[in-house]
1. Quick check on my filter: what residues within the range 17-32 are assigned to a helix (DSSP H, G or I), more than 14 Å from residue 71 (Cα to Cα) and over 20 Å from the mean Cα position of the chain (by Cα)?
2. Here is a list: 230, 218. Which entry is over 17 Å from residue 160 (Cα atoms), in contact with a helix residue (DSSP H, G or I) (Cβ under 8 Å, 6 or more places away or on another chain), at pLDDT 95 or above and not in a helix (DSSP H, G or I)?
3. Of 195, 249, 243, 236, which residue is surrounded by fewer than 18 Cβ atoms within 10 Å (Cβ to Cβ) and more than 21 Å from residue 160 (Cβ to Cβ)?
4. Just to be sure I understand the filter: pairs with C-beta atoms under 7 Å, separated by 6 or more residues or on different chains, first member in the range 1-30 and on the phi > 0 side of the Ramachandran plot and assigned by TED's automatic domain parsing to the domain that holds residue 56, second member part of a loop (DSSP other than H, G, I, E, B) and modelled with pLDDT of 95 or more. Which pairs pass?
5. Only one of these is buried (at least 19 other Cβ atoms within 10 Å of the Cβ), touching a residue at least 60 places away in the same chain (Cβ under 8 Å), within 22 Å of residue 115 (Cβ to Cβ) and out of contact with any helix residue (DSSP H, G or I) (no Cβ under 6 Å at 6 or more places or on another chain): 161, 257. Name it.
6. Take the residues in the range 109-121 that are touching a residue at least 40 places away in the same chain (Cβ under 8 Å), surrounded by fewer than 22 Cβ atoms within 10 Å (Cβ to Cβ) and under 14 Å from the mean Cα position of the chain (by Cα); name whichever of them is farthest from residue 251 (Cα to Cα).
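The values are calculated or read from the model by the stated rules, or taken from the named source; none is laboratory data. Treat the numbers as computed from the prediction; the structure is a model and nothing was measured. Reconstructed Cβ throughout: ideal geometry from the backbone, glycine too, with neighbour counts over all protein chains shown.
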C-alpha cells in the first residue's frame, strides 16, 4: 500500500489540523502522556514529519502529541466525564477561542453525547478568521476522510457552533439523513441522482437547525437557513421556532432530540427551500 500523502499548506508546512487528524486516525492517546526523545518542532515541513506520519509513536510533534498539548486543553471549570471526553477532541484554534468552544460544547451537550462524539477516531475542530459564505461547516467521515472535521469562523455564536456539532452527533448516533455505513458516509451517496442528494441535504439541514434551536436560547444571529422560508421574516420565523420547540429554553440530550422531532412538522424551518451546497449559510 502506498504511503498516505502528507498535506501541505501554501507556506510549505503541514497544517496543524492535518497533524491532529492523523494523530486521531492512527496515534495512541497514551503517547501524549510522555515526551519522546525526539520532538519535532511546531509548524513542520513534510520531510520533518515523514517518520511520525507513518508511526506517531516513533517521536513527538510539539503541541500535537506532547504532554499538555494545547489542542487537547480543557478549561478548569469543566469537570468529570465531560472533561475526559473533551480532552479526546482536538480543537485547533487560539487558546481563548478554543476554551470558548469547549465551554459551549459542555453547556449544550450531555456527558453521554460528548463521549459519543469523542469515541473512536473522535474529530478535529478548527477555526479560521473568516469564511466567505458560511459561519461553519462539517466534513463527514468518508472515503479519504477517516477523521470527521468541523471548521468554524472565529467568533461564531453558540447557535453556529452547536449546529455543526449536532451534525456530528447525528452522524455518530445514526439519526443523520445521509446514508452511512459504520458511521461513515456511504459510497452510494455520490452515485445518487442530484435531486435525491439535494433532498437528503435539505432534510439533514432542516432537522439539524431545529435541534440546534432546541439546544440553545435565542441567539443574536439566527441560522441563515431561516432566510430560505418563503413568505417569512427570518428573525420572526426563528423566534417562533424557539417558542414552539422549547419555549426558548436550552435543552440537551434526549429532551432536545425529542422536542425537535416532536415539533418538526409544526416548525417554520421545515418549509425552508434548501438545495445545492448545504453548508450552513452566513446570516
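1. Of everything in the range 17-32, those that are assigned to a helix (DSSP H, G or I), more than 14 Å from residue 71 (Cα to Cα) and over 20 Å from the mean Cα position of the chain (by Cα) turn out to be 30, 31.
2. Details: 218 fails: over 17 Å from residue 160 (Cα atoms).
When all the criteria are applied, what remains is 230.
3. Working: 249 fails: more than 21 Å from residue 160 (Cβ to Cβ); 243 fails: more than 21 Å from residue 160 (Cβ to Cβ); 236 fails: more than 21 Å from residue 160 (Cβ to Cβ).
So the residue among 195, 249, 243, 236 that is surrounded by fewer than 18 Cβ atoms within 10 Å (Cβ to Cβ) and more than 21 Å from residue 160 (Cβ to Cβ) is 195.
4. Note: pairs meeting the criteria are 12/45.
5. Numbers: 161 fails: out of contact with any helix residue (DSSP H, G or I) (no Cβ under 6 Å at 6 or more places or on another chain).
After ruling out the rest, the residue left standing is 257.
6. The extreme case among them is 121.
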